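One structure is given here, and the rest of the page talks about it.
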Amino acid sequence: MRVMTVNPGSSSLKLSLVVDGTEVERAVFDRWDGVTSEPLRRKQWPDLDVVAVRFVHGGDRRAPAVLDEAILAELGEFVPLAPLHQPRSLMAAKYAMFGSAPVVACFDTAFHTSMPEAARMYGLPKDLTERYGLRRYGFHGLSCQYAMRRITEMVHDKPGNTRALCVHMGAGVSITAIKGGRSVDTSMGFTPLEGAVMATRSGSVDPGLLVYMLEQKIISAEELSDVLYFQSGLAGMSGTSGDLRDVLAAPDTKLAVDVYVHRIRREIGAMAASLDRLDAVVFTGGVAVHNRNLVGDITRGLEVLGITVVNELLAAHGDRVISPLGALPRVFVITDREELELAEQAEFAVARIKKGVAA
Ligand SMILES: Nc1ncnc2c1ncn2[C@@H]1O[C@H](COP(=O)(O)OP(=O)(O)O)[C@@H](O)[C@H]1O
Ligand SMILES: CC(=O)OP(=O)(O)O
Ligand SMILES: [Mg+2]
């Protein structure tokens, strides 16, 4: 099956042609503005069976969905819950729907629908929680699903056996606790703003601080959203774009990187507490893959969890174990391949339609 995958991240647009599960061509548009459809116009692979689009937010949807106008409208309602991502996916999906192949939406949130209630719920009044659906959703699910498949394949294990943490470090950063192939907790929440410090996002801040800024009229609600999503994180602390290449090349940015590292370690510690055992820690995403020193720094502060790495293995390339032979947890660096997960999920959705099962 010929699948075109569309992955609109917050800092890039990644397009791939995946044929029968193997990626044969890709086009990455770094620092995509999220507005122009020019990259999509430029990459038009012929004879597609399906187009798979990554949607960060799918609400309570547990499975991919073949897009039509009604589902597009439903997904549009999540724009305020993922303002960096959802408009980009909607734009890309609408563009893809001009073509003749069916367009399937695959959701970051779907993987986390297995989270237990205790991990999903905020400590807010029950009626507000229920009336407005104020709960934790979690993101980067497609990346976690691929990473889990890849590590179990590498160590010849069954996915159900492994208790793992998936540390996704792209422009967005999240840490997910995985047990029996399912998400049991994750650092992102109602929106992809919660948890670790990110490229341009603040991560968690004391909610009292936000109330203070609003009450004291230091900032309006609209400005606050802009500050938290676009002007904070590595970008805000360092006065750069937030792309780690820029941060590391700029002067006086050590403290910004120290905060970033500290907060990732803290979230790893928190997520470990949601597991009964720690077999594997997986580092994935553009930052983890390209910045080994940073992965080294993060892991060096985590001896308390039994995490150790070997410098020579850390310095190597490709998907690999970087912890000593026989050590537990095993620590991995895995190239993020959301496109392979997207293609697999879209193929599955198309096969269901062919069998006459509602997607
Ligand atoms: N070739 C590279 N060398 C160094 N860092 C890179 C490279 N490519 C990507 N990165 C880092 O990865 C980050 C983007 O990660 P990525 O997973 O592609 O983001 P997203 O999918 O969220 O848009 C950037 O901060 C960038 O610094
Ligand atoms: C959910 C999220 O933050 O995604 P990305 O890292 O691709 O921006
Ligand atoms: Mg990404």
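To keep it simple, each residue is scored yes or no on (1) surrounded by fewer than 15 Cβ atoms within 10 Å (Cβ to Cβ); (2) under 16 Å from ARG62 (Cβ atoms).
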| position | (1), (2) |
| --- | --- |
| PRO83 | no, no |
| PRO87 | no, no |
| MET91 | no, no |
| ALA96 | no, no |
| PRO116 | yes, yes |
| PRO125 | yes, no |
| THR129 | no, no |
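Answer yes or no as to whether LEU193 is modelled with pLDDT of 95 or more, touching a helix residue (DSSP H, G or I) at 6+ places or on another chain (Cβ under 8 Å), within 16 Å of ligand 3 (Cβ to nearest atom) and not charged (D, E, K, R). So that I can check it myself, show each step before the final result.
Details: modelled with pLDDT of 95 or more: yes; touching a helix residue (DSSP H, G or I) at 6+ places or on another chain (Cβ under 8 Å): yes; within 16 Å of ligand 3 (Cβ to nearest atom): yes; not charged (D, E, K, R): yes.
Yes, satisfied.
Residue-by-condition table, conditions (1) aromatic (Phe, Trp, Tyr); (2) without any contact (Cβ under 8 Å) to a residue 12 or more places away in the chain:
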residue	(1), (2)
LEU278	no, no
ARG292	no, no
LEU325	no, yes
LEU328	no, no
ARG337	no, no
GLU344	no, no
PHE348	yes, no
ARG352	no, yes
GLY356	no, yes
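Return the total of residues in region 142-192 being out of contact with any strand residue (DSSP E or B) (no Cβ under 7 Å at 6 or more places or on another chain), within 16 Å of ligand 1 (Cβ to nearest atom) and either polar (S, T, N, Q) or in the same structural domain as PHE78 (by TED's automatic domain parsing) (or both).
2
Suppose the filter is aromatic (Phe, Trp, Tyr) and within 16 Å of ligand 1 (Cβ to nearest atom); does TYR122 pass it? Steps first, answer last, please.
Details: aromatic (Phe, Trp, Tyr): yes; within 16 Å of ligand 1 (Cβ to nearest atom): no.
Here the answer is no, as TYR122 does not meet what is asked.
Tell me, which helices (runs of 4 or more DSSP H) lie completely within region 254-359 with 3 or more residues that are under 22 Å from the mean Cα position of the chain (by Cα) and not polar (S, T, N, Q)?
Numbers: elements: 254-272, 286-290, 292-300, 311-314, 338-354.
Because the criterion is at least 3 residues that are under 22 Å from the mean Cα position of the chain (by Cα) and not polar (S, T, N, Q), the helices (runs of 4 or more DSSP H) in region 254-359 that meet it are 254-272, 286-290, 292-300, 338-354.
Is there a residue being away from ligand 1 (no atom under 16 Å from the Cβ) and farther than 21 Å from ALA110 by Cβ anywhere in region 3-15? Before you say what the answer is, go through the steps one by one.
Applying the first criterion (away from ligand 1 (no atom under 16 Å from the Cβ)) to region 3-15 yields 3-4.
Now drop any that are not farther than 21 Å from ALA110 by Cβ, which leaves none.
Within region 3-15, not a single residue is away from ligand 1 (no atom under 16 Å from the Cβ) and farther than 21 Å from ALA110 by Cβ.
The values are calculated or read from the model by the stated rules, or taken from the named source; none is laboratory data. Model, not experiment: these values are computed from the prediction. All Cβ positions, even for glycine, are placed from backbone atoms using ideal geometry, and neighbour counts span all protein chains on display.
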